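In what follows, a structure is listed as structure tokens, so that the remarks can point back to it.
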Amino acid sequence: DAGITQSPRYKITETGRQVTLMCHQTWSHSYMFWYRQDLGHGLRLIYYSAAADITDKGEVPDGYVVSRSKTENFPLTLESATRSQTSVYFCASSATTAEQFFGPGTRLTVL
Amino acid sequence: AQSVTQLGSHVSVSEGALVLLRCNYSSSVPPYLFWYVQYPNQGLQLLLKYTTGATLVKGINGFEAEFKKSETSFHLTKPSAHMSDAAEYFCAVIRGGGSTLGRLYFGRGTQLTVWP
């Protein structure tokens with residue numbers, strides 16, 4: 001089905017482990033984004049990408065790494081997970097500088 | 001500085017009553033404004049957006065919002081609440097409209113409860 005998907009939907013890991021969250025969109029949108037959602041904070045931008053091989057930091061990039069070798073994929077890696085990275089992560093994509101379409105989210109728990 | 005302020009983290013209304021969710025933004029240039037809705041365990045869905053043109057915008061599910069530049073507000077309304085409207089609502093802004101890279105700044109959200 002066309003759209004934006006995220007995997008896994010749920011993940012439990014331990015402190016210090018590397019974790020990669022996947023995001024895939026079928027619209028060939030140029031822009032892609034990663035947000036984290038925490039109670040009381042709304043959504044905060046972690047990283048974004050304007051096109052393949054172009055990425056930039058958002059509000060809360062520390063502890064995260066992204067890559068975008070293909071237009072349709074935008075993986076987010078936690079190189080050494082910490083408990084403060086327990087959150088719900090949303091990927092989004094956009095064809096323009098306006099409306100963004102969101103994936104279903106990944107709920108990550110770091111023990 | 002906070003780009004988007006949503007007044008009230010929780011709003012409760014009776015079914016059939018008016019829904020009013022408040023949003024104020026800060027932007028030195030004309031912004032793009034959005035309202036998103038999030039149902040439990042789901043992603044965000046766009047309700048409506050303002051980019052240019054008519055300041056009263058209509059969205060899905062009977063919601064509408066009015067861009068008031070003088071008040072820097074973009075409040076969300078619905079004349080008659082339905083039980084299915086219970087969800088969390090997020091106001092968001094792209095500062096500078098189309099001149100930026102589409103970086104959305106979100107408010108902290110308002111949880112809407114609808115009582116029977």
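Between rounded, prolate and oblate, where does the protein assembly as shown land on the alpha carbon gyration tensor, with a ≥ b ≥ c its root eigenvalues, rounded for a/c under 1.5, else prolate if a/b exceeds b/c? Here the protein assembly as shown falls in the prolate category. The mean sequence separation of alpha-carbon pairs under 8 Å and at least six residues apart, normalised by the residue count of chain A, gives a relative contact order of 36 percent. Structural descriptor for chain B: relative contact order 38 percent, calculated from alpha carbon pairs under 8 angstrom and at least 6 residues apart. Centre-to-centre, using Cα atoms only, region B:58-85 and region B:7-42 are separated by 7 Å.
Per the Debye calculation on chain B with a single equal scatterer at every Cα and no solvent contribution, log₁₀ I(q)/I(0) for q = 0.13, 0.14, 0.19 Å⁻¹ amounts to -0.45, -0.52, -0.95.
Mean per-residue shielding of peptide A:33-40 is 3, counting Cβ atoms of other chains within 10 Å of each Cβ. What lysines does A:Lys57 reach when the alpha-carbon gap must be under 19 Å and sequence neighbours fewer than 8 apart in one chain are set aside? Here the lysines satisfying the reach criterion relative to A:Lys57 are A:Lys70.
Relative to the globular-protein estimate of 2.2 N^0.38 Å, the Cα radius of gyration of region B:24-67 stands at 1.27. To make sure I understand the rule: partners must be aspartates and glutamates, Cα under 12 Å from the Cα of B:Lys58, and not fewer than 8 residues away in the same chain. Which ones qualify? Result set, ordered by chain and number: B:Glu66. Put simply, chains A and B cover up around 1800 Å² of each other's accessible surface, both sides summed, when a 1.4 Å probe is used. DSSP beta bridges fully contained in the protein assembly as shown are about 90 percent antiparallel.
Set the Förster radius R0 to 25 Å, insert the Cβ-Cβ distance between A:Glu79 and A:Ala51 as r into 1/(1 + (r/R0)^6), and round the FRET efficiency to 0.05. Between A:Glu79 and A:Ala51 the formula returns 0.55.
Highest mean packing first, where packing is the average number of other Cβ atoms within 10 Å per residue, the peptides B:61-72, A:70-81 line up as A:70-81, B:61-72.
Per residue of B:104-110, other chain Cβ atoms within 10 Å of the residue Cβ number 5 on average.
The values are calculated or read from the model by the stated rules, or taken from the named source; none is laboratory data. Owing to the predicted nature of the structure, the values given are computational and were not obtained by experimental measurement. Heads up, the Cβs are rebuilt from the backbone with ideal geometry, glycines too, and the neighbour counts pull from every protein chain shown. Ligands, DNA and RNA are stripped out before the accessible areas are found, and what is left, the full protein with its side chains, is counted by its heavy atoms. Shrake-Rupley method; radii C 1.70, N 1.55, O 1.52, S 1.80 Å.
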